[in-house]
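Taking it in order: structure first as C-alpha cells, then the write-up.
The values are calculated or read from the model by the stated rules, or taken from the named source; none is laboratory data. For clarity, every value in this text was computed on a predicted model and none was experimentally measured. Cβ sites come from the backbone with ideal geometry, for glycine too, and all protein chains shown count toward neighbours. We work out accessible area using only protein heavy atoms, side chains counted, and drop any ligands, DNA or RNA first. Shrake-Rupley method; radii C 1.70, N 1.55, O 1.52, S 1.80 Å.
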Amino acid sequence: MAVIVAVAVDGHFPSGVDSPPTTAYHPSMKLADRLSTVAPSATLAMAQKARDMKAKGRDVVSLTTGEPDFPPPDHVIEAIHKALTDGYTRYTPVGGLPELVEVIRAHYANKGLSLASNQVVVSAGAKQAVFNVAMAVLNPGDEAVVLAPYWVSYPDIIRIAEATPVTAVGTQDDGFVVRPEVLDAAMTDKTRLVILNSPSNPTGGVYSRADLEATAEVLRRYPNAVIISDEIYDRFLYEGAEQISLLEVAPDLEDRTVVVNGCSKTFAMTGLRLGWAVGPKTLIAAMNMLQGQSTSNASAPIQMGGVAALTGDPGPVERMLAAFDRRRRFIVDKLRHFKGVTCFDPRGAFYAFPDVSGLFGKARPDGTVVKDADDLSDYLLEQYAVVVVPGAPFGAPNHVRLSYATDEDTLDRALTRMAEAFERLR
Ligand SMILES: Cc1ncc(COP(=O)(O)O)c(C=O)c1O
C-alpha cells in the first residue's frame, strides 16, 4: 500500500524547506493503518505549487502564511541567549520549567482563573497540546465535534487518534459562529471531544460572551465530552473585539475543559515551538505522561524565552497588532469591492475569509469554467502568481483564506492582481 503522508501549511514547513515530506513511501513499506486516513492536504499542494513556480522565476505573491512576519521581541531573543549561557541546556520537568509554569499560572490568575501547578502542561507548540488531548481522551469509534470552519489540523489529529471528526458549521451570515441548535445536532452519546477555536483560524471570527453562553448551554447537556478551547489567537483582536474564554462564562465546565495557547502567534515564535494547556488535573497528568513517552519537555532555553515573552514589555506585540489592524482594514475593504465576493469583517486572528461562490460558474479567459474555490485558487496561482488557500480543507468550500500576516506591499500587489483576475472572468 502506498501511503502519502502530508500535513497542512500553517507553520509546518519553513519557507526555506524545498522538499516538504509529501513522500510516497516505497510500495513494499507497510505502514500503520491509522495513517491511511490522513490525507495529503490541499493547502500543502498550493504551497508546493507556489514553490515550484518561484523556482521557475515567477514573481509569486503568497497570502498563505500562518505566522506573523515579525521577529520575536528582542527581550525574548536575549532571554533565550542568556538561558543558553546560564546552563538551561538539560532536560527540564516534562510539563515545563517551574519558572514558566508559575508565569502561566499568573497569566490565568489575571483573568480570574486560579490554577494549581499540576493543571498546567508546557508543550512543543500548541499543536502538541491539542494532539495530546486527542490521544488522551479518544478511543476508536468515538466522535469528536469540530466547530467549523476549522483549523485544518483538527480533523487529522482526530483521525490519527482513530476517532471520527464531525463538524458543526457556522456560516458567514452568523459571523462564523456555530448556532447552538447546529452544535446540538452534531453532538451524540459518542461525542468525547469538542474543539472550539476563537478567535478563529481561518475565519477571523470571534465568539462573543453571548455566543459562548449559548455554546456552553449545549455542552452542559453532554457531560461525557471534553472540550478544547484553542485560544492561540487570543491577543489578535481588533475594533474592540473582546477575548472571552469559555471558562469565564462557564466555570462549571472547568472539570472537562482544556484551554490551549502558546507563544507561536502572539510573540512570533512559531519556529521556537512553545505552547501549553491548562485543564483538569487528571487530563493534564495523562498529557504529561504521553509527552514523557514521546517528546519529553519543550526546549529548555525556549521555555525561558516564554517566561520573558509573558512577563516582558508588551510594546513589540502592540506594534505588531497595530500593523495587522491596518492590513486587515486594507484587505477587507479591497475584497468588498470585488464583484462576486462577499467578505465578513474579521475582528480576530490574521486572516480574511471571503465567500467567493459568486464567481463559480464563470469562465476564465481560456474558456475553462471556475467550478469551485479550488479552481479559483488554481486560476489565481497559474495566471496571476497569487497564492490563496481554498476553503474546503477548512470545512468551508465557498471560501478562500487570505492571510494578512505579510507586508503591505505584498498585500497590495496580491489584491491588485486579484482585481484584474476577477474582472476577466466572464
Ligand atoms: C488555531 C490554531 N491552533 C493551533 C495552532 C498551532 O500552533 P503551534 O505552532 O504553537 O503548534 C495553529 C497554527 O497555525 C492554529 O492556527
*Rounded if a/c is under 1.5, else prolate if a/b is larger than b/c, else oblate: which is the range 296-350, with a ≥ b ≥ c the root eigenvalues of its Cα gyration tensor?*
prolate
_Strictly over 30 Å apart at the Cα level, which of K265/K334; K190/K371; K190/K265; K56/K339; K265/K339; K30/K56 would you flag in this model?_
K190/K371; K190/K265; K56/K339; K265/K339; K30/K56
*asked:* Assuming 0.36 nm per residue, please report the length gained on full extension of the stretch D33 to Q383 beyond their Cα-Cα distance.
replied: 122.1 nm
*asked:* What is the percent carbon and sulfur in the accessible area of the range 86-311, measuring with a 1.4 Å probe over the protein chains and ignoring ligands?
replied: 50 percent
*Post the alpha-carbon centroid distance, the range 286-354 to the range 367-426, in whole angstrom.*
22 Å
*Burial ranking of peptide ranges 101-107, 260-266 (average Cβ count within 10 Å, highest at the top)*: 260-266, 101-107
*Which aspartates and glutamates, on any chain, are close to K127 with Cα under 16 Å apart, when same-chain ones fewer than 8 places away are left out?*
D10, E67, D156, D230, E231, D234
_Share of pairwise Cα separations in the range 348-398, more than 15 Å, in percent_ = 46 percent
*Given only helices, namely DSSP H runs of n ≥ 4 each adding -39500 (n - 2.57), what is the per-residue ellipticity at 222 nm of the chain, to the nearest 500 deg cm²/dmol?*
-11000 deg cm²/dmol
*Rounded, prolate or oblate: which fits the range 217-329 when a ≥ b ≥ c are the square roots of the eigenvalues of the alpha-carbon gyration tensor, with rounded for a/c under 1.5 and prolate only if a/b beats b/c?*
oblate
*Using just the C-alpha positions of the chain as equal point scatterers, what log10 of I(q)/I(0) does the Debye formula give at each q in 0.08, 0.11, 0.13 1/Å?*
-0.44, -0.85, -1.21
*Cα-Cα pairs above 22 Å in the range 86-311: how many percent?*
48 percent
*Find which of A148, V178, S198 sits farthest along the positive direction of the dipole of the range 138-208, computed with +1 on the beta-carbon of Lys and Arg, -1 on that of Asp and Glu, about the Cα centre.*
S198
*Hey, for a label at N139 modelled as a point 7 Å past Cα toward Cβ, could you say which residues of the range 147-169 have their backbone N under 15 Å away?*
162-164
*Computed label-point distance, nm, for sites D345 and N110 using a 7 Å Cα→Cβ extension*: 2.8 nm
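Give the relative contact order (percent, whole number) for the range 86-311; include only Cα pairs under 8 Å separated by 6+ residues.
28 percent
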*Which whole-percent values make up P(r) of the range 270-426 when all C-alpha to C-alpha distances are grouped in 10 Å steps starting at zero?*
9, 30, 23, 20, 14, 4, 0
*Assigning unit charges at the beta carbon (Lys, Arg +1; Asp, Glu -1) and nothing else, what dipole magnitude in debye, to the nearest 20, does the range 86-311 show about its Cα centre?*
660 debye
*Can you tell me the FRET efficiency between S117 and T295 if r is taken as the Cβ-Cβ distance and R0 is 25 Å, rounded to the nearest 0.05?*
0.75
